């Protein structure tokens with residue numbers, strides 16, 4: 001057992017269901033203007049005045065999952081659930097899992113412990129009210145549950161969350177845990193255990209190639225993504241994949257941002273839906289909830 005932060009240890013035991021090789025499909029449900037890369041360009045005060053496209057784009061992902069017979073976990077912003085509760089109900093009624101992406105899409109290091117607690121508590125409440133089911137999972141905006149804010153894992157347990165999928169085991173400026181584990185494991189916090197499911201990373205020739213989705217899915221050749229996800233599955237680990245609703249929306253409004261952000265955010269949008277359909281034909285994806293049915297037995 002190794003310590004990753006004050007009061008938090010990484011255990012050796014895997015969460016329930018971790019040994020079953022099956023890909024897990026996840027969606028970070030946020031609108032096109034809410035991404036962290038736009039924090040300096042788009043103020044939170046302007047959100048209500050901008051054209052929302054999250055409902056139509058999420059419905060498109062729901063249709064693609066229905067076509068392939070797949071299920072997924074939808075890590076949804078509380079802000080989105082508050083404005084589109086009927087969308088959250090549709091996600092749940094279609095057999096998918098509703099989980100939390102926080103309320104305001106704030107990176108954990110930018111918040112105090114009290115602010116973080118309020119953010120995840122309010123998100124959980126509004127999501128459960130809209131979906132009519134308990135919410136057990138959390139994913140931090142920009143995978144920002146890093147080593148220097150591991151107190152957040154304890155807060156999640158205290159607020160009723162049972163698993164997390166925020167610790168991306170790669171080296172990347174702004175997020176990522178380069179020395180983090182690639183396999184599902186337990187975080188032993190001072191308030192109890194929290195199951196951790198890292199996004200998929202392909203370990204090849206001593207390097208870690210991020211094949212979990214998002215910008216990597218749009219920037220890397222599709223064969224790399226498929227090879228990498230297959231390699232993860234062959235280890236017996238669930239290959240955790242993610243996408244945002246705005247990534248299948250090439251017609252979204254374009255913002256004047258820097259060159260690097262423009263490339264990372266807009267490149268590959270036009271091909272993303274076709275690529276996604278190919279992945280959904282390759283494997284039968286499932287949700288965390290369906291992948292690990294005994295998750296409900298974890299202590300809160």
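Taking other Cβ atoms within 10 Å as a rough exposure proxy, 56, 167 sort from fewest to most as 56, 167. Taking other C-beta atoms within 10 Å as the exposure proxy, 260, 170 rank 260, 170 from fewest upward.
Under the simplified labelling scheme, the residue 113-residue 148 pair shows an inter-label distance of 1.8 nm, with each label point 7 Å from Cα along Cα→Cβ. Summary value for the chain: 27 percent relative contact order, contacts being C-alpha pairs under 8 angstrom separated by 6+ residues.
Panel note: the C-alpha atoms of the range 83-190, placed on their principal axes, show extents of 39, 29, 27 Å (largest first).
Beta bridges assigned by DSSP with both partners in the chain are antiparallel in approximately 45 percent of cases.
Taking the alpha-carbon centroid of each part, what is the distance from the range 95-147 to the range 250-290 in angstrom? A separation of 22 Å, based on Cα centres.
Peptides 81-93, 42-54 ranked from most to least packed by the mean count of surrounding Cβ atoms within 10 Å: 81-93, 42-54. Dividing the summed -39500 (n - 2.57) terms of all DSSP H runs of n ≥ 4 by the residue count of the chain sets its mean residue ellipticity at 222 nm at -10000 deg cm²/dmol.
Each value in this text was obtained by applying a stated rule to the coordinates, not by laboratory testing. For clarity, every value in this text was computed on a predicted model and none was experimentally measured. Ideal geometry is used to build each Cβ from the backbone, glycine not excepted, and the neighbour counts take in all protein chains shown.
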